[in-house]
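This report concerns only the one structure given below.
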Amino acid sequence: MAEVPAVARAVIHALELAREDLHAWCDTLSDEEMNARPAGIAPVAFHIRHIARSTDRLLTYAEGQTLTPDQLAAMKAELEPGARKQVLFAELDTAFDAHVRRILALGSRNLEDSRTVGKKNLPATLGGLLVHVADHVQRHAGQAITTSKIVAGERMRSATGDEKASAAAFRHQP
């Protein structure tokens, strides 16, 4: 991958690490646990959907385009309950494969090229959007993993009645 420009390579690497970590830490959850909202926080299912879909939106802006009605509808559905783990991971993996192709296509362009974001056409640059993709994916992967650990800890505590057992979920090494 040395032939890929540095910024594109770093963004792709961030996506690959997030995918590995999400599978390692969240794949043991049941469908119900993927949708659990401990203390009212966003469920793992939301974060997985949001990672796939927000990256699609950010890359659309990076490509100099505006969002489609389908992208806007998908954004509004990110928090819907009842997600199935298999479907979530299939969406994530398919999206990441497409994102890598799009990042590779953008990687050799001038990173200082102007772009606009959102309804207000906020100013951005291609490079700024690509770096934001990496940051945003990593942030939400961390939130999904933390939520996964909380949910797994609750499962262990419920199964054993032992507070110490729930702590083991936080020490799990993928």
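The values are calculated or read from the model by the stated rules, or taken from the named source; none is laboratory data. The structure presented is a predicted model; accordingly, all values stated were derived computationally and were not measured. All Cβ positions, even for glycine, are placed from backbone atoms using ideal geometry, and neighbour counts span all protein chains on display.
Per the listing Thr66, Thr94, the residue uniquely out of contact with any helix residue (DSSP H, G or I) (no Cβ under 7 Å at 6 or more places or on another chain) and part of a helix (DSSP H, G or I) is Thr94.
State yes or no: is Ser108 among the hydroxyl-bearing types (Ser, Thr, Tyr) and either modelled with pLDDT under 95 or touching a helix residue (DSSP H, G or I) at 6+ places or on another chain (Cβ under 7 Å) (or both)? Spelling it out, Ser108 is indeed among the hydroxyl-bearing types (Ser, Thr, Tyr) and either modelled with pLDDT under 95 or touching a helix residue (DSSP H, G or I) at 6+ places or on another chain (Cβ under 7 Å) (or both). Criterion applied to Gly64, Gly107 was being farther than 20 Å from His140 by Cα, in contact (Cβ under 8 Å) with a residue 40 or more places away in the chain, buried (at least 18 other Cβ atoms within 10 Å of the Cβ) and more than 17 Å from the chain's Cα centre (by Cα), and the one residue passing it is Gly107. On the given criteria, is Arg139 farther than 11 Å from Val44 by Cα and at pLDDT 95 or above? Criteria met by Arg139. The single condition among (1) surrounded by fewer than 19 Cβ atoms within 10 Å (Cβ to Cβ); (2) at pLDDT 95 or above; (3) within 17 Å of Leu92 (Cβ to Cβ); (4) over 14 Å from the mean Cα position of the chain (by Cα) that Arg37 does not satisfy is (3). Each residue in region 93-121 was checked for being hydrophobic (A, V, I, L, M, F, W, C) and closer than 24 Å to His47 by Cβ, and 6 pass. Assess whether Glu78 counts as being among the acidic types (Asp, Glu), in a loop (DSSP other than H, G, I, E, B) and touching a His at 6+ places or on another chain (Cβ under 7 Å). Taking the combined requirement at face value, the residue satisfies it.
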